Amino acid sequence: MEKHILGLVLPTDPRWVNIAEKNIREILIDHAYCEQKAASACISLIMLYPENDKLVEILSPVVSEEWSHFQQVLEKLRARGWSLGPQRKDEYVEEIMKLVKKGGSRKQQLIEKLLFNALIEARSCERFRLLWKGIKDPDLSQFYYELMVSEAGHYKNFLHLAKESQDPDLVEKRWREILILEGEVMKQLAVREDRLH
């Protein structure tokens, strides 16, 4: 999942994985909540747009996959003698949410939501790739490889749905705008040793 495939403008500093590995308990806890929120986001889209057959068809299995990932992360925690712990503030997602345009038509709101979710999946996929490549724990390395492949599929699903819902060229233009803005957000955010994003 190279940078140009995901479209991310600013790649994560590769040294992040070394910091993350030293704080893997915190990373796993934060990751668990990220998977939980990903499942909730798909449920929310299905509830908001039940008439969109393609969206319901594509996102229904994603709900199951994301919840399965949540359970798998819990297993990784338990195997190491750790419990879930409280949810933390997600500064990255809070900043990314500010990029989402408010108002407009129902269709425009859908596009914004789909692109927001595509962006979260792209950044998660990129971080999973770093963990797969850089972490010394072979069990977690394999785990993050499998999740990287899965998240890449989800990222493509959201972009595909957005481009099916509106003129693909307009969607692509908006997607490029969001990627540039996300790059600026990444520049401003401090690298957190206890967060996935």
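All other residues whose Cβ lies under 10 angstrom from that of residue 153 are scored, Lys and Arg at +1 and Asp and Glu at -1, for a net of -2. Give the calculated FRET efficiency between residue 164 and residue 97 to the nearest 0.05, with a Förster radius of 25 Å applied to their Cβ-Cβ distance. Result of the calculation: an efficiency of 0.60.
With a Förster radius of 41 Å applied to the beta-carbon distance between residue 22 and residue 109, the computed FRET efficiency rounds to 0.50. Computed packing ranks the peptides 18-29, 154-165 as 154-165, 18-29, most packed first, by mean other Cβ atoms within 10 Å.
Here the Karplus relation 6.51 cos²θ - 1.76 cosθ + 1.60, evaluated at θ = phi - 60°, turns the backbone of the stretch 78-90 into coupling constants of 4, 4, 9, x, 10, 9, 5, x, x, 6, 10, 5, 9 Hz, with x for every Gly and Pro. Helix 138-165: angle to the longest alpha-carbon principal axis of the chain, degrees 0 to 90, nearest 10? The helix 138-165 is inclined about 10 degrees to the chain.
Does the stretch 118-197 classify as rounded, prolate or oblate by the C-alpha gyration tensor (a ≥ b ≥ c root eigenvalues; a/c under 1.5 gives rounded; else a/b over b/c gives prolate, otherwise oblate)? Verdict is oblate for the stretch 118-197. Partner lysines whose Cα lies under 26 Å from the Cα of residue 22, excluding those fewer than 8 positions away in the same chain, are identified as 3, 37, 76, 89, 133, 136, 187. With the highest mean first, a sort of the peptides 125-132, 65-72, 87-94, 33-40 on other beta-carbon atoms found within 10 angstrom per residue produces 125-132, 33-40, 65-72, 87-94.
What you get for the chain, charging only the Cβ of Lys and Arg (+1) and of Asp and Glu (-1), is a dipole of about 380 debye around the Cα centre. Annotation for the stretch 100-146 versus the stretch 149-169: alpha-carbon center distance of 12 Å.
When the helices of the chain are scored as -39500 (n - 2.57) per DSSP H run of n ≥ 4 and the total is divided over every residue, the value at 222 nm lands at -25500 deg cm²/dmol. Which whole-angstrom value gives the distance between the alpha carbon centres of the stretch 58-83 and the stretch 6-37? Cα centroid of the stretch 58-83 versus Cα centroid of the stretch 6-37: 16 Å apart.
The numbers here are math on the coordinates, done by the rules we state, and not lab data. Note that the structure is predicted; figures quoted are calculated from it, not measured. Neighbour counts run over all protein chains shown; Cβ positions are idealised from the backbone, glycine included.
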